[in-house]
Amino acid sequence: MVQPDLFTAQQAGPGAAAPTPAGRAAWLRAELNRHGHAYYVLDQPTIPDAEYDLLFRELQELEQAHPELASPDSPTRRVGAAPLAQFAQVTHTVPMLSINNGFSDDDVLAFDRRVRETLKEIDEVDYAAELKFDGLAINLRYENGVLVRAATRGDGATGEDVTVNIRTVRSICLRLQTDNPPQVLDVRGEVMMYKADFARLNARQREAGQREFVNPRNAAAGSLRQLDSRITAQRSLRFFAYGIGSLEGAEMPASHAALLDWYVSLGVPVCAERAVVRGAQGLLAFYRDIGQRRAALPWDIDGVVYKVNDLAQQQKLGFVSRAPRFAMAHKFPAEEATTLVQDIGVQVGRTGAITPVARLAPVFVGGVTVTNATLHNEDEVRRKDIRIGDTVIVRRAGDVIPEVVAHVPERRPADARQFVMPSSCPVCGSPIVRPEEEAIARCSGGWMKCAAQRKGGLLHFVSRRAMDVEGLGDQLVEQLVDKNLIATPADLYKLGLVALAELDRMADKSAQNVLDALEKSKSTTLARFIYALGIRHVGESTAKELARHFGRIDELMQASDERLLQVADIGPVVARSVRSFFDDPLNIELIEQLRAAGVHWPDAEPMAMAAPKPLHGKIFVLTGTLPTMARDQAAALIEAAGGKVSGSVSKKTSYVVAGEEAGSKLAKAQELGVTVLDEDGLKQLLRE
Ligand code: D41
């Protein structure tokens with residue numbers, strides 16, 4: 001799309017002789033808008049952040065020196081302004097309607113039937129299907145292509161003027177990308193926060209000792225309704241368009257899909273997860289597809305929205321009370337619900353980790369009834385201040401285990417009780433210990449004494465991604481351990497038909513199935529076997545790396561810390577954990593027994609021992625501008641030599657490489673006594 005000021009841009013670009021301030025400002029704005037759009041809307045960055053910042057600062061200075069150049073669509077207007085006393089009221093020229101909700105397939109069939117009845121003579125209706133973002137509805141008014149006002153939906157008739165806040169949202173264009181913009185265009189859509197930005201924001205809030213937000217929606221609402229827009233500017237809000245209000249001076253597109261395509265061409269962000277589908281079956285297929293991918297999306301949605309695609313058909317359908325008859329929101333089961341904490345107990349994991357668990361009044365959330373939710377660890381219970389008797393928000397997203405998100409302060413009873421970490425394991429009675437600097441308290445009984453750890457370890461051993469013993473679930477392992485029929489994974493392969501068939505809910509047939517599954521599991525891979533051992537800190541991908549690197553179990557069992565550290569992604573903590581696992585004679589015996597029982601896998605050649613890289617284990621922090629190297633270049637060279645680059649200086653930092661205008665990081669390095677290098681010093685190290 002051609003920018004109106006692109007002609008001046010070319011004239012005033014690099015190489016042009018002495019551009020006028022106005023020409024230079026126009027060029028800078030066009031450049032910044034182009035790069036900003038590529039980054040925030042297309043997700044395809046075109047220049048490094050540092051270069052963007054440079055152009056930005058130049059424009060800021062230019063506008064300060066020449067106030068007459070100030071313009072409402074300048075990217076410099078995105079940084080926020082002085083706080084407001086209150087938001088002004090805005091009356092929407094065309095009211096912002098609400099949308100009818102449905103929850104079941106039947107609701108969808110009924111919606112489609114009503115639509116067909118009204119439209120008559122149409123067998124199958126074309127629908128535009130899109131996501132239902134969990135954010136805040138907003139109206140963006142563009143006059144002659146320039147963003148002049150942004151208002152919240154409010155009660156649909158009047159909302160609040162949040163223009164200064166909306167200006168800080170990088171993906172929202174301050175000027176439409178077209179040569180002939182409509183005189184008036186009201187773009188409607190949802191402001192929200194990506195899940196990753198939400199997590200980063202909460203981490204920042206936590207570090208600053210400030211209140212954390214319960215979910216991305218609340219974070220988006222809190223950020224948008226800030227009277228101090230400089231705070232909003234730091235909050236990474238996003239926007240997706242899904243509707244239109246007033247339109248003057250342009251032809252209304254013929255369909256909803258065409259409207260959204262037009263928006264895309266104007267530079268207005270539209271989510272790519274949308275489709276035109278046919279009939280109720282098309283709607284249901286869209287719902288199922290998105291439902292399966294819901295947890296993997298970068299943002300929260302609470303359903304999908306269906307709209308009759310043809311705008312003439314929409315007109316014909318009209319409205320009931322305040323919602324259009326042409327649209328329906330098909331909601332997913334809520335991922336959050338409130339319920340009562342009846343008690344807080346603890347659970348003992350396979351490594352002995354003690355997890356506080358809230359016992360809840362049963363609540364339907366994320367599509368299932370939940371009675372237990374994890375509180376992660378003791379510090380989390382304190383931080384979130386969850387007490388017995390509290391009303392809490394419980395979250396179950398996708399297949400993730402349910403967790404307690406927050407308590408509802410207004411609903412805390414006077415007799416709410418604090419959780420106390422027990423001093424001994426509820427399963428085996430061994431002391432519970434919590435090493436200093438660790439977040440996790442553990443049962444000290446170990447595998448030998450603690451049945452909970454044995455059960456957890458056995459369940460892990462037989463799990464699908466480990467030895468994959470089909471049909472050996474919770475209840476069976478529970479009985480086998482409680483009846484002392486097995487203690488270690490090796491005992492599994494000694495089980496006989498008679499012993500198995502005597503267990504509750506086992507018949508000869510199912511007992512034989514378990515034996516067959518055990519037999520089948522003996523033929524495995526080294527990676528699965530390593531993972532099945534349940535070594536602390538060794539997950540599936542680390543197990544794969546270890547298998548690839550060592551090829552044979554004996555090679556791994558004998559590997560030194562140094563050798564282990566050469567494996568991709570293995571650091572000192574994991575190396576230590578692997579080494580101490582194989583230093584324990586009981587573990588060696590277990591492996592021997594399993595091999596004797598017939599567990600086997602194809603061996604491979606170990607990878608050659610590489611010479612350690614020169615900067616192995618060294619952590620670098622880069623700050624300031626280096627004379628000849630860009631920061632990315634320096635980082636790439638350090639990483640290629642085996643070093644790591646970190647963003648902040650700590651006691652663990654090996655070197656700070658400082659260039660011109662190095663600031664607080666240099667000061668911190670000096671304070672901590674970390675070695676400071678200049679570019680030559682770094683080059684010297686790289687040559688060594
Ligand atoms: O994503 C959404 N939350 C969303 C909300 C959407 N994708 N489409 C919507 N369409 C409408 C109509 C049909 C009235 C134009 C909506 C909303 N309304 C809406 N959001 C809040 C109230 C109404």
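Values quoted throughout were computed directly from the atomic coordinates according to the rules given, and no laboratory measurement underlies them. None of the values given here were measured: they were computed from a predicted structure. Ideal geometry is used to build each Cβ from the backbone, glycine not excepted, and the neighbour counts take in all protein chains shown.
Reported value for segment 394-552: 191 Å³ per residue, from the convex hull of its C-alpha atoms. For segment 568-688, the equivalent ellipsoid derived from the Cα gyration tensor has semi-axes of 42, 17, 10 Å, listed largest first. Derived scalar couplings between HN and Hα for segment 527-540 equal 4, 4, 4, 4, 4, 4, 4, x, 5, 3, 6, 9, x, 4 Hz in order, rounded to whole Hz, by the Karplus curve 6.51 cos²θ - 1.76 cosθ + 1.60 (θ = phi - 60°), x for Gly and Pro.
What angle do you read, to the nearest 10 degrees and between 0 and 90, between the alpha-carbon axis of helix 49-65 and the longest principal axis of the chain? Roughly 30 degrees between the two axes.
Counting only residues at least eight positions apart within a chain, or on another chain, the lysines with an alpha carbon under 18 Å from that of Lys652 are Lys618, Lys644, Lys665, Lys668. Debye-formula intensities of segment 292-446, expressed as log10 I(q)/I(0) at q = 0.09, 0.17, 0.20 Å⁻¹, are -0.44, -1.01, -1.19 (one equal scatterer per alpha-carbon, no solvent). Packing here is the average count of other Cβ atoms within 10 Å per residue, and on that basis the peptides 498-509, 182-193, highest first, run 182-193, 498-509.
What number, in percent, do you get for the relative contact order of segment 548-680 if the mean sequence gap of Cα pairs under 8 Å and at least 6 apart is divided by its residue count? Reported relative contact order: 21 percent. Each label point was placed 7 Å from the Cα along the Cα-to-Cβ direction; for Asp482 and Val214 their separation is 3.8 nm.
The base-10 log of I(q)/I(0) for segment 12-102, evaluated at q = 0.12, 0.14 Å⁻¹, reads -0.56, -0.69 [Debye formula, identical scatterers on Cα atoms, solvent excluded]. Listing Asp468, Asp300 from fewest to most neighbouring C-beta atoms within 10 Å gives Asp468, Asp300.
Gain on full extension, evaluated as 0.36 nm per residue between Ala157 and Val433 minus their Cα-Cα distance, stands at 93.4 nm. Amide H to amide H distances under 5 Å link Leu677 with Val656, Val657, Ala658, where only residues 5 or more positions off or on other chains count and H is placed in the peptide plane. Taking every DSSP helix (H) stretch of at least 4 residues in the chain, weighting each as -39,500 (n - 2.57) and dividing the sum by the residue count yields a mean residue ellipticity at 222 nm of -11000 deg cm²/dmol.
For the chain, with the dipole built from +1 on Lys and Arg beta-carbon atoms and -1 on Asp and Glu ones, taken about the Cα centre, which of Val94, Asn165, Met506 lies farthest toward the positive end? Projecting each Cα onto the dipole axis, the largest value belongs to Met506. On a 0 to 90° scale, report how tilted helix 105-119 is relative to the longest principal axis of the chain, with both axes built from alpha carbons and the result rounded to the nearest 10. Approximately 20 degrees, to the nearest ten. In the chain, taking the dipole from charged Cβ atoms about the Cα centre, the farthest positive-side position among Gly345, Val573, Thr369 is held by Gly345.
Plainly put, segment 72-221 has a radius of gyration that is 1.05 times its Kirkwood radius, both from alpha-carbon atoms, as the Rg/Rh ratio. Note on Ser321 and Met421: the model spin-label points, each 7 Å out from Cα along the C-beta direction, lie 5.2 nm apart.
Packing around the peptides 165-174, 649-658, taken as the average count of other Cβ atoms within 10 Å per residue, puts them in this order, highest first: 165-174, 649-658.
If only the Cβ of Lys and Arg carry +1 and only the Cβ of Asp and Glu carry -1, the dipole of the chain around its Cα centre is close to 940 debye. Residues whose amide H lies under 5 Å from that of Val405, counting only those 5 or more places away or on a different chain, are Ile393, Val394, Arg395; hydrogens are built 1.01 Å from N in the peptide plane. Our summary gives the chain a relative contact order of 8 percent, counting only alpha carbon pairs under 8 angstrom and 6 or more residues apart.
The dipole here belongs to segment 336-413: it is taken about the Cα centre, uses +1 on the Cβ of Lys and Arg and -1 on the Cβ of Asp and Glu, and is about 60 debye. Fewest neighbouring Cβ atoms within 10 Å first, the residues Val320, Val341, Val305 line up as Val320, Val305, Val341. The largest-to-smallest principal axis extents of the Cα set in segment 555-601 are 33, 22, 13 Å.
Against the chain, whose longest principal axis is taken from its Cα atoms, helix 508-521 shows a tilt of about 80°. Within segment 506-659, all pairs of alpha-carbon atoms sorted by distance into 5 Å bins from zero give the percentages 2, 8, 14, 16, 14, 11, 9, 8, 6, 5, 3, 2, 1, 1, 0, 0.
The relative contact order of segment 237-301 comes to 28 percent, based on Cα pairs under 8 Å that sit 6 or more residues apart. Ignoring lysines fewer than eight residues from Lys494 along the same chain, the ones with Cα atoms less than 23 angstrom from its Cα are Lys449, Lys455, Lys483, Lys509, Lys520, Lys522.
When all alpha carbon pairs of the chain are counted in 20 Å bins from zero, the resulting P(r) reads 13, 36, 37, 13, 0 %. If you wrap the Cα atoms of segment 78-163 in a convex hull and average its projected area over all directions, you get 9.0 nm².
At a Cβ-Cβ separation cutoff of 4.7 angstrom, cysteine residues of the chain with no neighbouring cysteine are Cys173, Cys271. Rounded to the nearest 20 debye, the dipole magnitude of segment 218-374 is 200 debye, with +1 charges on Lys and Arg beta carbons, -1 on Asp and Glu beta carbons, and the Cα centre as origin.
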